[in-house]
Every structure is written in C-alpha cells, then in structure tokens.
Amino acid sequence: MKRQHLFEGVLFVLLVFVGAQVRILLQDLPNFAPVAALALFAGYFFRSWLLALCLPLSVMAISDLVIGGYDWRMMAVVYGMLAVPVAFRTLLRRHLSLDQGGLKSASLAMTGLVGCSLGASVLFFLTTNFGSWLWFSMYPHTTAGLIQCYAMAVPFFRYTLCGDLFFAVALFGGYALAAQLRLAALPRSLPAAE
C-alpha cells in the first residue's frame, strides 16, 4: 500500500514538472498544451480526487509564473475548465481498460478516450470564450456578438483540439504500453504437477 502511495507521489511530481515545462516550451502555439490531457489522465489514474484535481491546477500555476498571468476572472474560468476533465474519471474507469489486450477492447478504449478529450475541448472552448465575451470582448453584448466572438476563436479551438488529442493519446498510450510491458515481464505460472 505504501509503495502505491510513493509511486503516485513520484508520478504526480513528474507529471507536474513535465506538464509545466511542455506548456512553457509550447507557449507560442496558442492552446496547444498538455493540461486537459493531464487532467483526464490524473482522473483516470490517481485514486484520490484531490490529488487528481491538483495536477492540472499545479501545472497551470507553475507555468503561469513563467508565462505570466492575466485577469483573475479569466484565470478562474480557465483553471476551472482545465480541471473539469478530472470529473470524467468515472466514465473513463468504467469504459477504458488499458491493460487488457485485443483489438475490440483497444478500439473501444480509443473511442472513449477521444470522446472524453473532445468533450473537454468543447467545454473549454464554449466556457472560456463566453467568459471572454462577457468581460473583455470588443464584440457587442448581443447574440450576434457572442456568435462573432465564438467564430473568431475557431482558429484557437483547432489548436485546443489538436493539443488535447495529441497529449491524451500520448499519455494514455504510454500508460497502456507500460502496462502491457509489465504484464509481459511477469513470470508465467508453472503448470500443476501431474
């Protein structure tokens, strides 16, 4: 039991460090970041809700120290929306079995992962752009202004989609590969003596 806690603690620190570094290194690609994918993975992997929730928030807080902050209202919305994918943990745990082989199971796992990743991206897009329109927009506070705000944000949404999918597949694929390698390395039980 303590070994599992140690492993989770080390993995948490490693993911926060790597996630913050990647976000800083890729800051010139707007919204192409590993944070939502890390939140999905944290929700799936960590037993503690609190630990899973702290992962994307820590990545954001640390990387924002380097990149720079912005209006507190938008930061609250962005941080909140990047923590939302942790809530997909129940869905992912129920339908995503990464340690079982087979093409059917792999295709179902990939479909579930892509669906959750796309869902997180769409929620982020809708919520953060609504907040931007509400508080800072140069667009009028009308339905037409909101639609125009969303339309102008579509190029950024493409980066969000690509980043979320890329990092989700990389994280979950890496975990699935590690699980398969671990299973392959386990000694096979000997047949019973006759």
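The values are calculated or read from the model by the stated rules, or taken from the named source; none is laboratory data. Treat the numbers as computed from the prediction; the structure is a model and nothing was measured. Virtual Cβ from ideal backbone geometry, glycine too; neighbours counted across all protein chains shown. Quick note on the areas: whole protein, heavy atoms, side chains included, nothing else; ligands and nucleic acids left out. Shrake-Rupley method; radii C 1.70, N 1.55, O 1.52, S 1.80 Å.
Yes/no per residue for (1) more than 30 Å from P155 (Cα to Cα); (2) modelled with pLDDT under 95:
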{"position": "L11", "(1), (2)": "yes, no"}
{"position": "P30", "(1), (2)": "no, yes"}
{"position": "I67", "(1), (2)": "no, no"}
{"position": "V77", "(1), (2)": "no, no"}
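Results for (1) under 14 Å from F167 (Cβ atoms); (2) small (G, A, S), shown as yes or no for each residue.
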position: H5; (1), (2): no, no
position: N31; (1), (2): yes, no
position: L38; (1), (2): yes, no
position: W49; (1), (2): no, no
position: L53; (1), (2): no, no
position: G68; (1), (2): no, yes
Any hit, segment 61-74, residues being among the basic types (K, R) and under 16 Å from the mean Cα position of the chain (by Cα): no
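Yes/no matrix, rows are residues, columns are (1) free of Cβ contacts under 8 Å to residues at least 24 places away in the same chain; (2) open to solvent by less than 60 Å² (accessible area, probe 1.4 Å):
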| site | (1), (2) |
| --- | --- |
| F12 | no, yes |
| L25 | yes, no |
| N31 | no, no |
| L40 | no, yes |
| L53 | no, no |
| S58 | no, yes |
| R73 | no, no |
Positions within segment 152-161 being more than 19 Å from Y79 (Cα to Cα) and within 22 Å of the chain's Cα centre (by Cα), in sequence order: V154, P155, R158
Residues satisfying the stated conditions in segment 164-194, i.e. at pLDDT below 75 and among the charged types (D, E, K, R): R188, E194
Considering residues of segment 124-151 that are open to solvent by 70 Å² or more (accessible area, probe 1.4 Å) and within 24 Å of the chain's Cα centre (by Cα) only, the residue farthest from A168 (Cα to Cα): F130
